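Structure, as structure tokens:
The values are calculated or read from the model by the stated rules, or taken from the named source; none is laboratory data. In this text, all values refer to a predicted model and were calculated from it rather than measured experimentally. Heads up, the Cβs are rebuilt from the backbone with ideal geometry, glycines too, and the neighbour counts pull from every protein chain shown. We work out accessible area using only protein heavy atoms, side chains counted, and drop any ligands, DNA or RNA first. Shrake-Rupley method; radii C 1.70, N 1.55, O 1.52, S 1.80 Å.
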Amino acid sequence: MTEAIIRPPTLEEKSSFYQVYETGVPNVDALTYDGFSRWWNRSKVLGDLLALWRVATVGDEIVGVAINMILDSFGWGAIWELVVAPEWRRKGIGTRIVQESERALFERNQNLTHFAMGVKLHNPFAIPFTEHLGYGIQSLVLRLDGTVENKTFSNNLDVKIPRLDDIPLIMHLTPDTYWGLRDYRKIEFSLRGGNCYLMTEPASNMIVGFARFEYDHDYPDSTVISFSYRQGYGRAVVDAALNEVTTKKAILWVEVKHEIILDHLYAEGFERTETEFLARKRVKGTV
Ligand SMILES: CC(C)(COP(=O)(O)OP(=O)(O)OC[C@H]1O[C@@H](n2cnc3c(N)ncnc32)[C@H](O)[C@@H]1OP(=O)(O)O)[C@@H](O)C(=O)NCCC(=O)NCCS
């Protein structure tokens, strides 16, 4: 086994971190340097960069990187992006980075119940890799992209701008993806940032959906939609959200358990552009 040192990155290592990170595409998110840089700077301010991000070094060379984060609302410590430079693979370095990342995540928050890793479909070997580390595949999330320009979706819900008073009810809706929105502070942060919509049933005024739009510099012309809904209203909430989109395309990450929504989006011409497995393991007894 190669003796690599696993440690937090130094602030001078931003571009060398990114160079190793890029060797993992398409198995990790394809980020522009600007997008990566924004993530790095945000994590630096929050303290996550030094507490949670990790590099593996051999001598002066960075040979592996991990971007880790805590998903408070779920109690998960996530090893979100993990890359070992191609010439250094199969030497136990990935395993060491994961073990040290788990330690760092747990140190930062001892209430964690699970560790989580996202595994893209492009790399079938990453599945045995996570299993070898004690993780089990637990769900599958699809990214669907579609053109919405000049289209109107059937809509029988009222759409409003949500207020802070609505947060407790928004928290009871079912989120589209596992990282979802069941956290008061995160919803409040989203509402204050704007681009949020609340869907209500016209007759009863009952809250049945919530959607948040994001505009990612890496996907020009697209709106990335995350949504939550009350059981039975998934399709209507998605349609109401799609009607609010002003860009050419919409992007939604949808868990495969939301079959009715997937069936509807495919029928509307949306196409799958990415697939990610969620692997998890319980924290108890592992650290
Ligand atoms: C996935 C990745 C991080 C693994 O890093 P690594 O340093 O090569 O992993 P390790 O050497 O610690 O491998 C541990 C075990 O995982 C399994 N494994 C790892 N890579 C494998 C491969 N290509 N084929 C089959 N099994 C593999 C093996 O069981 C291996 O043990 P072994 O070498 O004793 O047989 C690396 O291949 C990588 O950076 N890939 C591109 C980015 C990526 O896929 N990231 C998502 C990770 S979840």
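Less than 5 angstrom separates the built amide H of residue 283 from those of 114, 115, all sequence-distant by 5 or more or on a different chain.
By the Cα gyration tensor, segment 92-220 has an equivalent ellipsoid whose semi-axes, rounded to whole angstrom, run 36, 20, 14 from largest to smallest. Which whole-number percent of Cα pairs in segment 143-275 have a distance greater than 21 Å? In whole percent, the long-distance tail amounts to 35. Secondary-structure-derived ellipticity at 222 nm for the chain, considering helices only, amounts to -8500 deg cm²/dmol, per-run term -39500 (n - 2.57) for DSSP H runs with n ≥ 4.
For segment 18-78, the C-alpha radius of gyration divided by 2.2 N^0.38 Å, with N the number of residues, is 1.19.
Taking segment 131-267 as the region of interest, the number of lysine pairs whose Cα atoms are within less than 23 Å, with members eight or more places apart or on different chains, is 6. Dipole size of segment 94-177 about its Cα centre, with +1 on Lys/Arg Cβ and -1 on Asp/Glu Cβ: approximately 140 debye, rounded to the nearest 20. These residues, 21, 266, 233, go from largest to smallest accessible area, 1.4 Å probe, as 266, 233, 21. One decimal place: the segment residue 267-residue 149 gains 40.9 nm when fully extended, by the rule 0.36 nm per residue minus the C-alpha distance. Taking a ≥ b ≥ c as the square roots of the eigenvalues of the alpha-carbon gyration tensor, segment 125-187 is classed oblate because a/c is 1.5 or more while a/b is no larger than b/c. Nonpolar atom fraction for segment 143-275, defined as the carbon and sulfur part of the 1.4 Å probe accessible area, stands at 47 percent. One decimal place: the segment residue 158-residue 137 gains 3.8 nm when fully extended, by the rule 0.36 nm per residue minus the C-alpha distance. Full extension of the chain segment joining residue 32 with residue 46 gains 2.9 nm, where the gain is 0.36 nm per residue of separation less the Cα-Cα distance.
Of the peptides 35-48, 152-165, the order by per-residue mean of other Cβ atoms within 10 Å, starting with the highest, comes out as 35-48, 152-165.
Surface composition of segment 59-123: carbon and sulfur atoms hold 42% of the protein heavy-atom accessible area at a 1.4 Å probe. Dividing the convex hull volume of the alpha carbon atoms of segment 214-287 by its residue count gives 140 Å³ per residue. Below 8 Å between Cα atoms, with a sequence gap of 6+, how large is the relative contact order for the chain in percent? In percent, rounded to a whole number, it is 21. Given axes a ≥ b ≥ c from the Cα gyration tensor, I'd like to know whether segment 1-144 is rounded (a/c under 1.5), prolate (a/b larger than b/c) or oblate. Rounded shape, in that the Cα axes give a/c under 1.5. The calculated pair-distance distribution of the chain uses every alpha carbon pair, bins of 10 angstrom beginning at 0, and gives 6, 26, 33, 23, 10, 2, 0 percent. The residues of segment 187-227 present an accessible area of 46 Å² per residue when probed at 1.4 Å with all protein chains retained.
Note that segment 117-131 has calculated 3J(HN,Hα) couplings of 9, x, 10, 6, 4, 4, 10, x, 6, 5, 5, x, 4, 5, 5 Hz, one per residue in order, obtained from phi through the Karplus relation 6.51 cos²θ - 1.76 cosθ + 1.60 (θ = phi - 60°); glycine and proline are x.
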